[in-house]
1. Take residue 40 and tell me if it is over 16 Å from the mean Cα position of the chain (by Cα) and either polar (S, T, N, Q) or part of a helix (DSSP H, G or I) (or both).
2. For region 55-68, how many residues meet the condition of being open to solvent by less than 70 Å² (accessible area, probe 1.4 Å) and either at pLDDT 85 or above or farther than 15 Å from residue 102 by Cβ (or both)?
3. Starting from region 34-57, take each residue that is under 13 Å from residue 95 (Cα atoms) and list its partners that are hydroxyl-bearing (Ser, Thr, Tyr), counting only C-beta distances under 7 angstrom and pairs at least six apart or across chains.
4. Taking interchain pairs and intrachain pairs at least six residues apart, which have beta carbon atoms under 7 angstrom, with the first residue in region 94-113 and modelled with pLDDT under 90 and the second in a loop (DSSP other than H, G, I, E, B)?
Amino acid sequence: GLWTVFTLGGVGSKSAPQLEHCSPLANQSLLLLLVLANLTDAPDTPNPYRQAIITAFSSSNPHAFQINFNSLYTALSEQQKSDQATLLLYMLLHQNGNVRTYVLARTDIENLV
């Protein structure tokens with residue numbers, strides 16, 4: 001349907017229907033997070049969702065939430081066949097220094113590649 005049009009006829013996302021079938025709430029939540037984080041910035045204020053992702057998981061930020069990086073890494077490496085998970089990983093690697101440092105310190109980085 002419409003999702004196929006947005007993904008260029010399903011190129012690169014052959015297992016996306018399987019992901020939706022397994023956990024549709026998780027898939028829809030991930031899509032919502034990606035849409036909110038990629039909204040354009042207003043001229044006078046930055047996108048608060050993008051700022052939250054950039055500063056999330058930071059020990060210097062007193063309002064940052066704690067997450068187990070190992071669980072995040074495992075979940076992202078298991079879902080690399082989905083475009084959504086790959087885009088989230090890309091966004092975290094490029095915009096969050098703590099996630100980037102953790103992933104680069106891993107000895108099994110070939111799971112992501």
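1. So residue 40 fits the description; yes.
2. 2
3. 37/49
4. 96/56; 96/57; 98/57; 98/58; 99/57; 112/80
The values are calculated or read from the model by the stated rules, or taken from the named source; none is laboratory data. Treat the numbers as computed from the prediction; the structure is a model and nothing was measured. Backbone-built Cβ (ideal geometry, glycine too); neighbour counts: all protein chains shown. Surface accessibility is based on the protein's heavy atoms, side chains included, excluding ligands, DNA and RNA. Shrake-Rupley method; radii C 1.70, N 1.55, O 1.52, S 1.80 Å.
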